[in-house]
Amino acid sequence: RGKRAFIAGIADNNGYGWAIAKSLAAAGAEILVGTWVPAFNIFETNLRRGIFDESRILPDGSLMNICKVYPLDAVYDTPQDVPQDEVAESVKEDFGSIDILVHSLANGPEVTKPLLETSRNGYLAAVSSSSYSFVSLLKHFAPLMNPCGASVSLTYIASERCIPRYGGGMSSAKAALESDTKVLAFEAGRRHGIRVNTISAGSLRSRAAKAIGAAVDEMIDYTLMNAPLQKELSAEEVGNAAAFLASPLASAITGTVLFKFVEMTTTTTTP
Ligand code: NAD
């Protein structure tokens, strides 16, 4: 049988999650999706009504099939709150097991504020929904992942270098996510035989990125000027990288941050 993937963090067809789902589907995987509770109904309805049909087309002309969409709230982990363990439990009941776990979600309520002006609550909210959410997701899904399972998350270069406008503690959250990638690769590798990698992607005009407004365009321009490959990164290229990391071709790769032509450290061009 083909691999089964659970992708957390799809609410439309613009983000990295959707592109990853398509690349995995094109490679033959069965697709399950976790959608944030406030966006769940609209996403499911749009999907059923065929709104996304055009962007469901795979390279062989067939349409990506999403087997099931689950409501998911990545901030809550206790049984009182529609948590991730409940979602993992439902997936287990419906499908038994999965092979691939994708975390493509982030949220920073104060992302437009410089770190120096970020409140404690804003900072903790960013880390909770963008970093701890991965720890929790992996914890709850690892037991239902088949041997040689793989997980992939998405990060951003602001974790290691100062990128103005990526505020609200989001840079801190990505630094945590990358550090956790190493620790969880070790722990989940030893305990479950699961690989844990993250992709540091260049900027994309997704719904989440619109939260920082025109700054995304500046970031895209800056990357274009400084990246080794001077073209705009497409979501599909990130999707394909995720499909590779999740595949047996990457069977010995774990604990890594894979860069998708973000700018080089040695360049001097400024926007
Ligand atoms: P997106 O809007 O498509 O995805 C973010 C998703 O997170 C949305 O579907 C949203 O509903 C979901 N979400 C937010 N809070 C949640 C919660 N509490 N519980 C469950 N789901 C929640 O945007 P995207 O830019 O494709 O983001 C996907 C990932 O890619 C994120 O980790 C983001 O930080 C990362 N990334 C984005 C860029 C970029 O420029 N867009 C660059 C590098 C990394």
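Summary table
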quantity: Stokes-Einstein D (µm²/s) once Rh is taken as the Kirkwood radius of the chain over alpha-carbon pairs, at 10 °C in 1.306 mPa s; calculated: 85
quantity: Relative contact order %, the chain, counting alpha carbon pairs below 8 Å whose residues are six or more apart; calculated: 20
quantity: Radius 12 Å from Cβ of Trp18, net charge of other residues (Lys, Arg +1; Asp, Glu -1); calculated: +1
quantity: Residue-wise HN-Hα coupling along segment 59-74, computed from phi with Karplus coefficients 6.51, -1.76, 1.60 (Hz; x: Gly, Pro); calculated: x, 8, x, 7, 9, 4, 9, 9, 5, 7, 10, 10, x, 9, 10, 7
quantity: J(HN,Hα) series, segment 44-54, from Karplus relation 6.51 cos²θ - 1.76 cosθ + 1.60, nearest Hz, glycine and proline x; calculated: 5, 4, 4, 4, 5, 6, x, 4, 9, 3, 4
quantity: Residue exposure sequence - Met64, Met225, Met219, Met170 - by fewest surrounding Cβ within 10 Å; calculated: Met225, Met64, Met219, Met170
quantity: Charge sum, other residues only, whose C-beta stays under 12 Å from Phe6's C-beta, Lys/Arg counted +1 and Asp/Glu -1; calculated: +1
quantity: Neighbour net charge for Asn121 - beta-carbon separation under 14 angstrom, K R +1, D E -1; calculated: 0
quantity: Amide H partners (placed H, <5 Å) of Val196, local residues excluded; calculated: Ser151, Gly255
quantity: Ranked Arg49, Arg1, criterion: other C-beta atoms within 10 Å, fewest first; calculated: Arg1, Arg49
quantity: Peptide ranges 111-122, 151-162, 52-63 listed from the most packed, as the mean C-beta count within 10 angstrom indicates; calculated: 151-162, 111-122, 52-63
quantity: Helix-derived mean residue ellipticity, 222 nm - over the chain, DSSP H n ≥ 4, -39500 (n - 2.57), to 500; calculated: -11500 deg cm²/dmol
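The numbers here are math on the coordinates, done by the rules we state, and not lab data. Everything numeric in this text was worked out from a predicted model, so none of it was measured. Positions of Cβ are generated from backbone atoms using ideal geometry, with glycine treated the same way; all protein chains shown enter the neighbour counts.
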